[in-house]
Structures are given as C-alpha cells and as structure tokens.
1. I need the phi-derived Karplus couplings for the range 7-17: 6.51 cos²θ - 1.76 cosθ + 1.60, θ = phi - 60°, integer Hz, Gly and Pro marked x.
2. Tabulate in residue order the Karplus-calculated ³J(HN,Hα) for the range 27-35, using 6.51 cos²θ - 1.76 cosθ + 1.60 with θ = phi - 60°, rounded to whole Hz; enter x for Gly and Pro.
3. Can you tell which of P40, P14, F54 lies farthest toward the positive end of the dipole of the chain, using +1 and -1 charges on the Cβ of basic and acidic side chains (Lys, Arg; Asp, Glu)?
4. Please state, as a whole number in µm²/s, the translational diffusion coefficient that the Stokes-Einstein equation yields for the chain at 20 °C and 1.002 mPa s, with Rh defined as the Kirkwood radius across alpha carbon pairs.
5. I need the phi-derived Karplus couplings for the range 40-49: 6.51 cos²θ - 1.76 cosθ + 1.60, θ = phi - 60°, integer Hz, Gly and Pro marked x.
6. Longest span of the chain, sites excluded, free of GluC sites (Glu not before Pro) in DSSP loop with at most 16 other C-beta atoms within 10 Å?
7. Give me, ordered by chain and number, the residues 5 or more places off Y25 or on other chains with an amide H under 5 Å from its own placed amide H.
Amino acid sequence: SIYEIRPIICRFYPFQLENLGGDRYRFSYTEECPGIGEGPELGREFFEGLFEEFLKVMATI
C-alpha cells in the first residue's frame, strides 16, 4: 500500500527531527495538530523507533 512508501516527513507528522550538529538530534512537534495532548504519552521507545526509521531511510540515499 501507499502507506508504507510515503515520504519520511509524512511518517513523522506531527513530529519533526532537527539536527543539532554532528550526531545530535532532537524531536519537536507542531502544535497545529489537533491530536497533540489527546492520546497516551509517547515514551523514549517510540522516538527511538522513529529515529531508527530515519536512519534506515538515510542509509538508502
């Protein structure tokens, strides 16, 4: 399905990954998303998974 091949930026929404220099990154989020703060709190494991997905995509570029 198209869901699996969508661009990484779409997979991350409403989160954004920012490079802080070198190997340092930080996740942030857009407050435009009406679901922010509505669901369960997302922990470190969730964001580690997103970051692993980012690394896999970057390895193919």
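1. After applying 6.51 cos²θ - 1.76 cosθ + 1.60, I find x, 4, 4, 6, 5, 7, 3, x, 9, 10, 10 Hz.
2. Couplings: 8, 9, 9, 9, 6, 5, 5, x, x Hz.
3. Working it through, the farthest residue towards the positive pole turns out to be F54.
4. In µm²/s, the coefficient rounds to 166.
5. Each residue of the range 40-49 in turn: x, 5, 9, x, 4, 4, 4, 6, 5, x Hz.
6. Answer from the scan: 1-30.
7. For Y25, whose amide H was placed from the backbone, the distant partners under 5 Å are L20.
Coordinate-derived values only; no laboratory data. Fair warning: this is a prediction, and the values are worked out from it, not measured in the lab. In this analysis, Cβ positions are derived from the backbone assuming ideal geometry, glycine residues included, and neighbour counts consider all displayed protein chains.
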